[in-house]
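The values are calculated or read from the model by the stated rules, or taken from the named source; none is laboratory data. It should be emphasised that the depicted structure is a prediction, and the values quoted were computed from it without experimental measurement. A quick note on method: Cβ atoms are made from the backbone with ideal geometry, for glycine too, and the neighbour counts reach across all protein chains shown.
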Amino acid sequence: MKRSLARMKVIVVLIAVAQAGILQAQVPGYEDLYDPFQVRNLNFEMDPGDWSAVKNDAGYTIVKPAYFWADDESKIIVSIKRKPNAAIGDKVALKIDINEYFDNLRWHGVKKLSLENGYDADAVTEGLAWFLHRQAAGTGPAGYKPPLAAWVNVSVNGQRLGMYANVEQIDKTFLRNRDQWVSGETWLYKQGEVGPSELKSGDGDSPILQTLNYSPFVSGGASPPADYITQFDNLIDMEQMLTVGAIEAFIGNYDGMLTKGKNFFFADYAPGAGPENGRRLYLPWDLDAVLGGSGTTSIYDSKGQKFDAYRQYITDVPYYRTQYNQIMLDLLNGSMSVQAYSDFLDQLELVLRDSIMADPDGKIGDVAGHFDSLLSWYSNRHANVLQQLADDMAAAAPTPTPEPSSIAILTIAALATLKKRRRASH
């Protein structure tokens, strides 16, 4: 290594102007960064001692400088730290700060990168969970605009760590890229663990946070007022919130918003401001332990979780249960159909095959078999959830559901799609 990166913080000021010019030249388009059918090769070069410190950081607080570039691009200086996920050998989850040393600089339209190593399932599965949120984009009054994700290959000092899911970081830049940030009138919060939310952007507490100072928004808080449904509808985009909850329930995320009251972001606005005239927007985060198990878990209960106030005051209430069911049914009948998922997998397998086979972590041995199992799980889950919807809607309906119901027809179509792909793959 020709230059000691230990001196990097000393020289960053001297190259700031040149760095800015390089970065501006490397930003062809924000959407291209999260094209799921384009796998980028991301490279880092840093002092070996610094990399060892980051890689072995059990406290997830060590931040070190590194040169960073994608193939066919110039090097830039960023900071790198380990995310609080379990390691797979040397493959640790990473947070990259593009503007750590140069304020307001962006790389392909973003200031942060969140590189997920797929420690709980695998990087393909984690990325697919984000794909399902992408499929729901455009729903709701304001148009649901979830974080995007794609796949990348990561190398440090010439050593290939493997394939990662590159998940868009939710921050002020994220909101600005969606025209959802209003200066002086927006607050962005992260709900990591159960308990007080963390203010990420904005000054003081938002008016909405001050008003919704009861359960489920406050862990162990007072019961909601008698008119809480009216407050919810006035202060929250409930259609978007229920959309996030429906997708989390479908993918089996029992570490999320409606099940544990954790692992999500929300954006609050001043009265009349923002895309929803002052209403709160919810966004998912941390989709790692998903798309697994038997595929028969309930979309209505919290799997025995201790904290289920979101379900108690939202999806267990008939007014919101009806909306929740309809949102889930519309998704499964449209953008989250088995056919749409199967078509995506067919394309994705061809794109990711080489990266999977070259991944040193070795979690996916049989690529074709892995993709077949992903479709098999999805098709079975799709049919199971449709049946849950049919049962719940029939129990609430004043008259029996006509036969054959649209749900039954969807179930038959889902199973036919699965059989079609299996025949084509063998």
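The combined condition, being in contact with a helix residue (DSSP H, G or I) (Cβ under 7 Å, 6 or more places away or on another chain) and either modelled with pLDDT of 90 or more or surrounded by fewer than 20 Cβ atoms within 10 Å (Cβ to Cβ) (or both), is not fulfilled by L258. Checked across the stretch 161-174, the condition of being touching an Asp or Glu at 6+ places or on another chain (Cβ under 6 Å) and part of a loop (DSSP other than H, G, I, E, B) holds for no residue.
Please indicate, with yes or no, whether at least one residue in the stretch 284-307 is closer than 27 Å to W181 by Cα, not acidic (D, E), not assigned by TED's automatic domain parsing to the domain that holds F131 and not in a loop (DSSP other than H, G, I, E, B). Scanning the stretch 284-307 turns up at least one residue that is closer than 27 Å to W181 by Cα, not acidic (D, E), not assigned by TED's automatic domain parsing to the domain that holds F131 and not in a loop (DSSP other than H, G, I, E, B). For N157, state whether it is polar (S, T, N, Q), crowded, with 21+ Cβ neighbours inside 10 Å, in contact with a helix residue (DSSP H, G or I) (Cβ under 7 Å, 6 or more places away or on another chain) and farther than 18 Å from I247 by Cβ. No. When V27 is tested against (1) over 19 Å from G89 (Cβ atoms); (2) at pLDDT 95 or above, only condition (2) is not met. E239 meets each of the listed conditions (1) in a helix (DSSP H, G or I); (2) farther than 30 Å from H382 by Cβ; (3) among the acidic types (D, E) apart from (2).
Checked against the criteria, Y300 counts as closer than 22 Å to D392 by Cα and surrounded by fewer than 19 Cβ atoms within 10 Å (Cβ to Cβ). Among the residues of the stretch 303-318, those that are surrounded by fewer than 15 Cβ atoms within 10 Å (Cβ to Cβ), modelled with pLDDT under 90 and either touching a helix residue (DSSP H, G or I) at 6+ places or on another chain (Cβ under 6 Å) or farther than 13 Å from S219 by Cα (or both) comprise K303, G304. Filter the stretch 178-196 for residues that are over 26 Å from H108 (Cα atoms) and surrounded by 21 or more Cβ atoms within 10 Å (Cβ to Cβ) and give the result. Answer for the stretch 178-196, where residues must be over 26 Å from H108 (Cα atoms) and surrounded by 21 or more Cβ atoms within 10 Å (Cβ to Cβ): just Q191. Residues in the stretch 350-363 that are closer than 16 Å to E126 by Cβ and in contact with a helix residue (DSSP H, G or I) (Cβ under 7 Å, 6 or more places away or on another chain): L352, I356. For the stretch 59-89, a tally of residues being surrounded by fewer than 17 Cβ atoms within 10 Å (Cβ to Cβ) and in contact with a helix residue (DSSP H, G or I) (Cβ under 7 Å, 6 or more places away or on another chain) returns 2.
Is it true that L175 is more than 15 Å from the chain's Cα centre (by Cα), crowded, with 21+ Cβ neighbours inside 10 Å and touching a residue at least 12 places away in the same chain (Cβ under 8 Å)? For L175, the condition - more than 15 Å from the chain's Cα centre (by Cα), crowded, with 21+ Cβ neighbours inside 10 Å and touching a residue at least 12 places away in the same chain (Cβ under 8 Å) - is not met. Scanning the stretch 77-95 for residues that are at pLDDT 95 or above, among the β-branched types (V, I, T) and either over 22 Å from the mean Cα position of the chain (by Cα) or not in a loop (DSSP other than H, G, I, E, B) (or both) yields a total of 3.
Here the condition is being over 29 Å from D179 (Cα atoms), in a loop (DSSP other than H, G, I, E, B) and touching a Gly at 6+ places or on another chain (Cβ under 6 Å); of P271, P360, it holds for P360 alone.
Residues are listed down the side, and each one gets a yes or a no for (1) outside the structural domain of A121 (by TED's automatic domain parsing); (2) farther than 17 Å from R321 by Cβ; (3) assigned to a loop (DSSP other than H, G, I, E, B):
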position	(1), (2), (3)
Q210	yes, yes, no
Y214	yes, yes, yes
V218	yes, yes, yes
V244	yes, no, no
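State whether one or more residues within the stretch 122-136 are of a type in the set (K, R), farther than 23 Å from K81 by Cβ and not in a strand (DSSP E or B). Yes, because at least one residue in the stretch 122-136 is of a type in the set (K, R), farther than 23 Å from K81 by Cβ and not in a strand (DSSP E or B).
Per-residue answers, yes or no, for (1) at pLDDT below 75; (2) hydroxyl-bearing (S, T, Y):
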| position | (1), (2) |
| --- | --- |
| G21 | yes, no |
| F37 | no, no |
| N41 | no, no |
| D47 | no, no |
| N56 | no, no |
| S74 | no, yes |
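The condition of being buried (at least 22 other Cβ atoms within 10 Å of the Cβ) and not assigned by TED's automatic domain parsing to the domain that holds N277 holds for only one of L94, L105, that being L94. Quick one: in the stretch 363-396, of everything that is of a type in the set (V, I, T) and assigned to a helix (DSSP H, G or I), which residue is nearest to N333 (Cα to Cα)? The extreme case among them is V385.
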